[in-house]
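*Asks:* First the structure, then my questions, so here it is.
Bear in mind these aren't lab numbers, they're just calculated from the coordinates by the rules spelled out. In this text, all values refer to a predicted model and were calculated from it rather than measured experimentally. Using ideal geometry, Cβ is built from the backbone for each residue, glycine included, and neighbour counts are taken over all protein chains shown.
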Amino acid sequence: MMLTIVLLLLCLQTHFTEHASINGANTLTKLDCTYQDARFGHIDLSKVGLKGGIPAFRHVLKDAYFYSYNPCYPFSEEPSCTNVAICQISKNGSAYYVLGVNSIVSWSITFDGKVTLVYSVVDRQTIVNLACSTEVDQLVINGEYELRHYNLTLYSKCACWNGC
Ligand SMILES: *[C@@H]1O[C@H](CO)[C@@H](O)[C@H](O)[C@H]1NC(C)=O
Ligand SMILES: *[C@@H]1O[C@H](CO)[C@@H](O)[C@H](O)[C@H]1NC(C)=O
């Protein structure tokens with residue numbers, strides 16, 4: 001818990017000090033992209049995220065909302081999701097919410113090597129559980145587990161330690 005908080009603070013600090021240099025859609029933002037761990041190896045999500053400003057997972061429906069997600073490279077869904085990692089759109093198309101940006105992330109690793117990415121924006125938080133899978137990449141929306149806290153699972157070969 002303490003470690004998570006420290007990591008989050010470090011990430012926030014990095015974000016604020018580097019903010020001026022974060023720009024367009026093709027900029028690799030490493031914070032939600034690669035991770036090194038002395039025990040388990042590395043994780044590299046740069047082949048999961050798409051570079052062209054279009055999310056790898058687009059408009060995945062869960063209950064009353066669509067969710068879009070792209071690790072590593074920001075995308076936009078106008079009017080309200082500009083250069084984001086995760087966007088939520090109401091089914092009726094009238095409300096857009098930013099659920100995460102690629103530059104404000106913490107990695108949480110359990111003792112047995114399970115990884116969760118934690119994206120935080122001012123009023124929302126989204127966890128992306130990484131699930132090692134050899135099938136085609138898939139995003140599952142588990143839902144809103146607390147008010148404005150969202151739970152997603154990314155299935156990918158690249159979610160395996162040393163998988164990509
Ligand atoms: C669209 O859906 C959102 C979320 O479900 C709701 O808050 C809003 O009132 C709806 N707007 C319209 C025009 O139906
Ligand atoms: C997120 O969803 C998964 C799959 O349903 C579940 O196992 C996990 O406990 C959930 N995490 C939280 C924090 O709710």
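*Asks:* Under 16 Å between C-alpha atoms is the cut-off here; go through the stretch 26-159 and count lysine pairs that meet it, provided they're at least eight residues apart or on different chains. Walk me through the intermediate numbers first.
*Replies:* Details: 30/47; 30/51; 47/157; 62/91; 114/157.
Number of lysine pairs found: 5.
*Asks:* Of 33, 87, 164, how do they rank once you tally other Cβ atoms within 10 Å and put the fewest first? Intermediate results must be reported in sequence, preceding the final value.
*Replies:* Details: 33 19, 87 25, 164 15.
Starting with the residue having the fewest Cβ neighbours, the order is 164, 33, 87.
*Asks:* Something else now. Once phi is turned into ³J(HN,Hα) by the Karplus curve 6.51 cos²θ - 1.76 cosθ + 1.60 with θ = phi - 60°, what whole-Hz value does each residue of the stretch 90-100 show in order, with x for glycine and proline?
*Replies:* Using θ = phi - 60°, the values come out as 5, 4, 7, x, 9, 10, 10, 10, 7, 9, x Hz.
*Asks:* Could I ask something else about it? Report the calculated FRET efficiency for residue 108 and residue 157 (r = Cβ-Cβ distance, R0 = 30 Å), to the nearest 0.05. Kindly include the intermediate steps, with their values, before the conclusion.
*Replies:* Values: r = 21 Å, r/R0 = 0.70.
That gives a FRET efficiency of 0.90.
*Asks:* A further question on this structure: Report the FRET efficiency, 1/(1 + (r/R0)^6), for residue 34 and residue 78, where r is their Cβ-Cβ distance and R0 is 30 Å, rounded to 0.05.
*Replies:* Working: r = 29 Å, r/R0 = 0.96.
My answer for the efficiency is 0.55.
*Asks:* Give me 75, 111, 66 ranked fewest to most by other Cβ atoms within 10 Å of their Cβ, as a rough exposure proxy.
*Replies:* Numbers: 75 25, 111 6, 66 18.
The fewest-first ordering by Cβ neighbours comes to 111, 66, 75.
*Asks:* While we're on this one: Roughly how compact is the stretch 26-159, stated as its Cα Rg over 2.2 N^0.38 Å to two decimals?
*Replies:* On the way: Rg = 13.9 Å, N = 134, 2.2 N^0.38 = 14.1 Å.
In units of the 2.2 N^0.38 Å rule of thumb, it is 0.98.
*Asks:* Residue 164 to residue 92: FRET efficiency via 1/(1 + (r/R0)^6), r the Cβ-Cβ distance, R0 25 Å, to the nearest 0.05?
*Replies:* Values: r = 37 Å, r/R0 = 1.49.
Between residue 164 and residue 92 the formula returns 0.10.
*Asks:* From the phi of every residue in the stretch 156-162, what ³J(HN,Hα) in whole Hz does the Karplus formula 6.51 cos²θ - 1.76 cosθ + 1.60 yield, where θ is phi - 60° and glycine or proline is x?
*Replies:* Karplus-based 3J(HN,Hα) across the stretch 156-162 equals 6, 4, 6, 7, 7, 4, 6 Hz.
*Asks:* Could I ask something else about it? Tell me, what HN-Hα J-couplings in whole Hz come from the Karplus equation 6.51 cos²θ - 1.76 cosθ + 1.60 at θ = phi - 60° for each residue of the stretch 65-80, using x for Gly and Pro?
*Replies:* 9, 9, 10, 10, 9, 8, x, 6, 10, x, 9, 10, 10, 6, x, 10
*Asks:* Give me 148, 124 ranked fewest to most by other Cβ atoms within 10 Å of their Cβ, as a rough exposure proxy.
*Replies:* Details: 148 12, 124 18.
Fewest-to-most Cβ neighbours within 10 Å comes out as 148, 124.
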